[in-house]
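> I am attaching a structure below and will ask some questions about it afterwards.
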Amino acid sequence: MQSRISIPTDNIYKFYATFGLVLLVSTMALFLFVYSTFQANSHARYVELKVLSSLSKLTPEQSARKEVLEAKELIDTSDKKTYMSAIGFFLALSLFLLAFGFYRWHKKIQPLQDELLMKQKEKTELEIRLLNKQLNSSRIKQVGRNT
């Protein structure tokens with residue numbers, strides 16, 4: 001199956017920059033997903049804990065439920081720190097790849113490509129001049145024969 005998106009394989013720095021950009025967007029989406037998930041869970045848990053805390057006497061089931069919710073809060077806090085650390089690592093990696101790739105592409109590859117294009121342009125202009133001279137000289141020869 002052919003992909004509709006072509007991956008830049010003509011130089012490694014362009015690949016680094018593109019991969020860094022994709023990783024950056026993915027990391028930002030992951031951050032939003034993790035943050036919103038933890039916020040929703042935290043809010044629901046907070047409301048239920050407040051309701052249970054407001055009761056003067058808890059049944060054994062309510063007491064167990066309160067302990068479970070408090071334990072989940074500790075676990076979620078730990079998990080959130082772990083996820084955010086991983087997201088921070090991927091964010092730093094994506095920014096490094098993005099900056100490194102674009103910088104090296106701009107400073108190392110692009111000047112060579114620009115120079116190559118200029119030389120191709122000069123070559124084309126010289127070929128056009130040569131063809132014009134040949135065309136003019138052949139016209140002059142034909143005019144000389146006709147007279």
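> Which of the pairs 14/108; 50/80; 14/107 have their Cα atoms more than 18 Å apart in this structure?
On the way: 14/108 11 Å; 50/80 22 Å; 14/107 12 Å.
In this structure, 50/80 lie more than 18 Å apart at Cα.
> For the stretch 40-92, just run the numbers: alpha carbon Rg, then divide by 2.2 N^0.38 Å, N being how many residues it has. Provide the component values of the computation, followed by the final result.
Working: Rg = 14.9 Å, N = 53, 2.2 N^0.38 = 9.9 Å.
My calculation over the Cα atoms of the stretch 40-92 gives 1.49.
> For the residue pair residue 121 and residue 136, what label-to-label distance in nm results when each label sits 7 Å from Cα along the Cα-to-beta-carbon direction?
So the two model labels end up 2.4 nm from each other.
> Straight-line reach from residue 81: which lysines have a Cα under 21 Å away, not including same-chain ones fewer than 8 places off?
Qualifying lysines at Cα under 21 Å: 72.
> For the full complex of protein chains and a 1.4 angstrom probe, list 58, 131 by accessible area with the highest value first. Present the calculation step by step, with values, prior to reporting the outcome.
On the way: 58 55, 131 110 Å².
So, going from the largest accessible area down, we get 131, 58.
> Here's something else I'd like to know. In deg cm²/dmol, rounded to 500, what helix-only [θ] at 222 nm does the chain give when every DSSP H run of at least 4 residues adds -39500 (n - 2.57) and the total is split over its residues? Working shown, then result.
Values: 3 runs with 125 residues, N = 147.
For the chain, the value works out to -31500 deg cm²/dmol.
> Using +1 at the Cβ of each Lys and Arg and -1 at the Cβ of each Asp and Glu in the chain, identify which of 23, 56, 69 lies farthest towards the dipole's positive end.
Of the candidates, 23 comes out farthest on the positive side.
> On a full-extension model of 0.36 nm per residue, what is the gain between residue 10 and residue 74, subtracting their alpha-carbon distance, rounded to one decimal in nm?
Details: separation 64, 0.36 × 64 = 23.04 nm, distance 4.93 nm.
Here the answer is 18.1 nm.
> Then there is this: I'd like the accessible area for residue 106, computed on protein heavy atoms only with a 1.4 Å probe and all protein chains in place. Round to 10 Å², please.
In the full protein context, residue 106 sits at about 120 Å².
> Kindly state, as a whole number, the per residue volume in cubic angstrom of the convex hull around the alpha carbon atoms of the stretch 1-136. Provide the component values of the computation, followed by the final result.
Numbers: hull volume 22.1 nm³, N = 136.
So the per-residue Cα hull volume is 163 Å³.
> Might you work out the accessible area of residue 130 for me, using a 1.4 Å probe with all protein chains in place, and round it to the nearest 10 Å²?
Spelled out: residue 130, probe radius 1.4 Å, area about 100 Å².
The values are calculated or read from the model by the stated rules, or taken from the named source; none is laboratory data. As the structure is a computational prediction, the values presented were derived from the model and not from experiment. So basically every Cβ, Gly included, is an ideal-geometry build from the backbone, and we count neighbours across all protein chains shown. In case anyone asks, the SASA skips ligands and DNA or RNA and just uses the protein heavy atoms, side chains included. Shrake-Rupley method; radii C 1.70, N 1.55, O 1.52, S 1.80 Å.
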